[in-house]
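S.K.: Let me begin by handing over the structure; questions about it come next.
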Amino acid sequence: MRSEEETRAALDRHGDMVRRLCLVHLKNQADTEDVFQTVFLRYVLSPQVFTSEEHEKAWLIRVTVNACRDLLRSWARSRRASLEEALDLAAPPDQESREVLAAVLSLPEKYRDPVYLHYYEGYTAKEIGRLLGKGENTIYTRLARARELLGKTLGGDGDGA
């Protein structure tokens, strides 16, 4: 079991990232808070020894993604939140950023996760592949397909950038 100081330090370092990742997956503030608590409870109770801050962050991302998927697959999950609610809770202030966020949130999960981890958290395709248990080339393909979908949704010029 981890000490209170260690847990507070992890919350300070990674709490915002875990909360944003939950919100991207769940699109619901209440479920986000539930999973956030679950993730850090697992952190407190985990015997895992982290070799670096990046190792700790990667572990938290993996646990967060799994906890979100578990909740989404839960047979008891009967309530759904609107996309508008998610936008109101986590949206950037300008209209263009809101449109981009709405488009990212509307992507299928297999594209949404790599896009979020790459563009919002700054991970490389190789790192995302390790986090999601997929090959690096699969991640490159998913990012390219997500950019195509986003270009169609947002009316881009089709240059893939």
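The values are calculated or read from the model by the stated rules, or taken from the named source; none is laboratory data. Please read all numbers here as calculations on a predicted model, not as lab measurements. Protein only, heavy atoms only, side chains kept; ligands, DNA and RNA dropped before computing areas. Shrake-Rupley method; radii C 1.70, N 1.55, O 1.52, S 1.80 Å.
S.K.: Take the solvent-accessible surface of the protein heavy atoms, probe 1.4 Å, and return the percent of it on the stretch 1-56 that carbon and sulfur atoms account for. Could you put the intermediate results ahead of the total?
M.R.: On the way: 1630 of 3110 Å².
Solvent-exposed carbon and sulfur of the stretch 1-56 make up 52 percent of the total.
S.K.: ³J(HN,Hα) across the stretch 106-114 via Karplus (A = 6.51, B = -1.76, C = 1.60, θ = phi - 60°), whole Hz, x for Gly/Pro?
M.R.: 7, 5, x, 3, 5, 9, 4, 4, x
S.K.: Accessible area, 1.4 Å probe, largest first: how do K152, K27, K134, K126 sort?
M.R.: Values: K152 160, K27 40, K134 95, K126 120 Å².
Order by accessible area, largest first: K152, K126, K134, K27.
S.K.: Name the lysines eligible as straight-distance cross-link partners of K57: C-alpha to C-alpha under 28 Å, and not fewer than 8 places from it in the same chain.
M.R.: Answer for K57, where 28 Å is the Cα cut-off: K27, K110, K126, K134, listed by chain and number.
S.K.: Based solely on C-alpha atoms, express the radius of gyration and the Dmax of the stretch 1-64 in angstrom.
M.R.: 11.3, 33
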